[in-house]
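The values are calculated or read from the model by the stated rules, or taken from the named source; none is laboratory data. Just so it is clear, the structure is predicted and the values come from calculations on it, not from any experiment. When we count neighbours, we look across all protein chains shown, and the Cβ atoms used for this are built from the backbone with ideal geometry, even at glycine. Only protein heavy atoms, including side chains, enter the accessible area calculation; ligands, DNA and RNA are left aside. Shrake-Rupley method; radii C 1.70, N 1.55, O 1.52, S 1.80 Å.
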Amino acid sequence: MAQTNLLSPPSTISPPTALQLSQKAPRIIANPPTSSLPWPLSLLFSAETPEAWVTHENALYACLRTHDDAAARQLLDRLSARFGESNERIITLRGIYEEATAKNNGELEVVFKKYEDILKQDPTNFGVRKRRVAVLKSLGRTSDAITALTMLVESSPTDLEAWAELGEMYAKVGEWARAIWCAEEVLLVMPNSWSAHAHLATLHYLSTQSSPHLAPLNLSLKNFARSIELNDSYLRGYYGLKLVCQKLIPLLSESSSVSKRNQDEDGPPPNLETVKKLEELATSKLAEIVRRYQPGTKEWQGYDGAEVIAARELLNRDANTER
């Protein structure tokens, strides 16, 4: 398992990792980076560095994740004292703290009203605009959140976080075409991101749940294949590749008229033998990951435990079907 690091924590951390990070908060609070000595002695004996404040911010997030609100408040107060109450990042952090400690929708509405007041004075505060969207989601106001995100990406068309969030909101309401469009916008900026390719592939795959069609499954196959080409140990890519191959094989085994129609409308369909080989590759790789993860082999411990369990269940289900 990767070492927990408050200076550069992973973008998505598990509850146990968040707990380990939050447990470092008392030591951080007990050792302030600023010096209490008068100037100019404070310049000589201060331990203040940019990294120290990054550590404070990440510890604040971890404490909120683990409901250590008292420690989170101390960290927030220290950041506010250092950078000022009017600093844009501090305003955003204060909002995150108030969202996390809100006990009901009424208190969330109060936070939302504060965001509205801030944006009336400074509409360019993108941190607050994003937090406003988060509150709308928490309140269940999905359509308002989509509208706010649409305005956000219009103002900042290269904001990947906003595009990704908008895509998730569209997917939540079943607007697959729009969700796919948002994911493609992310991919335009990050063409070598295996996770972005896998996400786009997942959306194409999910769009066929009610009625399987060859064209979106073909696009899903291409993007999953691209994700494992970019990262040949990407579990989620192999998992998705196996699922989409399992859907494609019976479709491609049907009459040639189906293939001909799809070729006329959406380009050539994938070759059946190629899809079978890709399915075998995905199965082999998933089995290897599951086998090596279980004994605790050090170099195979970077995977998410839940994803490994899902892969094992998929393989077991496949084995039971073959019997």
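Every residue, every condition in (1) of a type outside the set (A, V, I, L, M, F, W, C); (2) at positive phi; (3) modelled with pLDDT of 85 or more, yes or no:
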position	(1), (2), (3)
ALA282	no, no, yes
ILE289	no, no, yes
LYS298	yes, no, no
GLN301	yes, no, no
GLY305	yes, no, no
ARG312	yes, no, yes
ASN316	yes, no, yes
THR321	yes, no, no
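Which of the helices (runs of 4 or more DSSP H) contained wholly in segment 92-162 include at least 1 residues that are open to solvent by less than 70 Å² (accessible area, probe 1.4 Å) and farther than 30 Å from LEU187 by Cβ?
Here the list reads 105-121.
Does ALA52 satisfy the condition of being in a helix (DSSP H, G or I), modelled with pLDDT under 95, under 24 Å from ALA18 (Cα atoms) and open to solvent by less than 80 Å² (accessible area, probe 1.4 Å)?
Yes.
Taking segment 165-179, which residues are assigned to a helix (DSSP H, G or I), free of Cβ contacts under 8 Å to residues at least 24 places away in the same chain and surrounded by fewer than 20 Cβ atoms within 10 Å (Cβ to Cβ)?
Correct list: GLU168, ARG178.
Of the conditions (1) part of a helix (DSSP H, G or I); (2) among the charged types (D, E, K, R); (3) more than 27 Å from the chain's Cα centre (by Cα), GLU85 clears all except one; give me its number.
Only one criterion in (1) part of a helix (DSSP H, G or I); (2) among the charged types (D, E, K, R); (3) more than 27 Å from the chain's Cα centre (by Cα) is unmet by GLU85, namely (1).
Which one is nearest to SER195 (Cα to Cα), of the residues in segment 212-250 that are of a type in the set (Val, Ile, Thr) and surrounded by 19 or more Cβ atoms within 10 Å (Cβ to Cβ)?
Of everything passing the filter in segment 212-250, ILE228 is nearest to SER195 (Cα to Cα).
Which condition number does LYS172 fail, the rest of (1) of a type in the set (D, E, K, R); (2) modelled with pLDDT of 95 or more; (3) more than 18 Å from ALA311 (Cβ to Cβ) being met?
(2)
Just give me the residues in segment 62-77 being open to solvent by 40 Å² or more (accessible area, probe 1.4 Å) and in contact with a Phe, Trp or Tyr (Cβ under 9 Å, 6 or more places away or on another chain), in sequence order.
Scanning segment 62-77 gives ASP69, ARG73.
Is there a residue in segment 9-26 that is of a type outside the set (A, V, I, L, M, F, W, C), assigned to a helix (DSSP H, G or I), more than 30 Å from TYR303 (Cβ to Cβ) and modelled with pLDDT of 85 or more?
Taking segment 9-26 and keeping what is of a type outside the set (A, V, I, L, M, F, W, C), we get 9-12, 14-17, 20, 22-24, 26.
Going one step further and asking which of them are assigned to a helix (DSSP H, G or I), we end up with 15-17, 20, 22, 26.
Of the ones still in play, those that are also more than 30 Å from TYR303 (Cβ to Cβ) are 26.
Among the residues that remain, those that are also modelled with pLDDT of 85 or more are: 26.
Yes, that holds for at least one residue.
Take the residues in segment 180-232 that are in a helix (DSSP H, G or I) and among the polar types (S, T, N, Q), then tell me which one is nearest to ALA162 (Cα to Cα).
Only one residue tops the list, namely SER195.
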